[in-house]
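*Asks:* I'd like to ask some things about the structure below.
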Amino acid sequence: MTKTYEEIVSLVRDTLVDAGSTFGPDKKEAYRRAIQKEGNEQAKWVLERVLVNAEAAEKNHSPLCDDTGIPHLVLEVGEDCAVTGRMLDAIKEGVAEGLRKLPGRPMGIMGDDSHRIDQSGGLNLDSAGVEPAPILLYRCDENVIRLHILMFGGGPAIRAKTYRVFHKHNTQVVLDEIVNWAKEGVAQLGCSPCTLAVGVGRSHFEAVSMMLQAQVDGRYDFQSEMEQEITRRVNEANIGPLGLGGNTSVMATFMKVGPQRASGVRIVCVRPNCCFEPRLSTVELG
């Protein structure tokens, strides 16, 4: 049954706070496993501090990082469910209330197009001045309306890459390019260990959409063969947490391959999520 406007606002608000302040159970367990296996004492210390920070943030419902992130929304809609404009308004209001409650770091830039580009319009001091990204809509098999909220920090966005790969009719060529991009991004990011998010599509939009969906569907306790290969090869680069060395540069890889076309290229998106990402929480709205 679809929730009322007020119920949706409340649910979205609390879900955004959860996304910005909690690790999922599989992610906590992945950190515990990594701590046990890490042989570099400095790297192990970083992993331990990240987990302690995450547990404190969850207990206090406080942000995992001072870069509290830009809300990215994925909405799954069942066969007999309807999304109305009023529901979208309630979701937007819930996001705004969640940003104030978390609280989110004020990052919204005011002014016209030019002012927002060059940052001359001034900073919106309201945490809710951070507008969410456009909603990504998917059909799901269950008869529900399910909202996933991801909080995207700036560092991973800076180090991410979306570009064409000439596949040469060989999957390994694409994987090699993903590994090369990931090694570069992880080394430059700094706030590692990372969780790599990878999307492969027919266009830049589709590749980025697949990257988003990979984070929604991905789990630390299950990795496909391709995901395992990417994770293993990047970890062999010995970058390590905060670039201190060790075998835990990457916690896991979440990869989603969409439909492909008869073409010599694949469009690939690789985002090296920081140690606190994916910051994700999910709620059913109907």
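The values are calculated or read from the model by the stated rules, or taken from the named source; none is laboratory data. These numbers come from a predicted model, not from an experiment. Don't worry about glycine lacking a Cβ; one is built from the backbone with ideal geometry, like all the others, and counts go over all protein chains shown. Each accessible area value is taken on the protein alone, full model and side chains, heavy atoms only, with ligands, DNA and RNA left out. Shrake-Rupley method; radii C 1.70, N 1.55, O 1.52, S 1.80 Å.
*Asks:* State the number of residues belonging to the stretch 140-151 that are open to solvent by 20 Å² or more (accessible area, probe 1.4 Å) and within 22 Å of the chain's Cα centre (by Cα).
*Replies:* Number of matching residues: 1.
*Asks:* Additional query: Output the residue which, of all residues in the stretch 75-111 that are charged (D, E, K, R) and in a loop (DSSP other than H, G, I, E, B), is least open to solvent (accessible area, probe 1.4 Å).
*Replies:* By that ranking, first place goes to 105.
*Asks:* Considering only the stretch 16-61, state which residues are part of a loop (DSSP other than H, G, I, E, B) and loosely packed, with under 15 Cβ neighbours inside 10 Å.
*Replies:* If the condition is that a residue be part of a loop (DSSP other than H, G, I, E, B) and loosely packed, with under 15 Cβ neighbours inside 10 Å, then 39, 61 are the ones that fit.
*Asks:* Just to be sure, is residue 13 open to solvent by 10 Å² or more (accessible area, probe 1.4 Å), assigned to a helix (DSSP H, G or I) and in contact (Cβ under 8 Å) with a residue 60 or more places away in the chain?
*Replies:* Yes, satisfied.
*Asks:* Could you grab the pairs with beta carbons closer than 8 Å, sequence gap of 6+ or different chains, first residue in the stretch 112-129 and farther than 19 Å from residue 16 by Cβ, second one exposed (fewer than 11 other Cβ atoms within 10 Å of the Cβ) and modelled with pLDDT of 95 or more?
*Replies:* Listed by first residue and then by second, the contacts come to 120/114; 121/112.
*Asks:* What number of residues within the stretch 114-139 are assigned to a helix (DSSP H, G or I) and under 23 Å from the mean Cα position of the chain (by Cα)?
*Replies:* The number of residues fulfilling the criteria is 3.
*Asks:* Right, another one. Filter the stretch 10-32 down to the residues that are of a type in the set (A, V, I, L, M) and touching a Pro at 6+ places or on another chain (Cβ under 7 Å) and list them by number.
*Replies:* Within the stretch 10-32, 16 is the sole residue that qualifies.
*Asks:* In the stretch 156-175, what residues are open to solvent by 70 Å² or more (accessible area, probe 1.4 Å) and part of a strand (DSSP E or B)?
*Replies:* 161, 163, 164, 166 - these are the residues of the stretch 156-175 that are open to solvent by 70 Å² or more (accessible area, probe 1.4 Å) and part of a strand (DSSP E or B).
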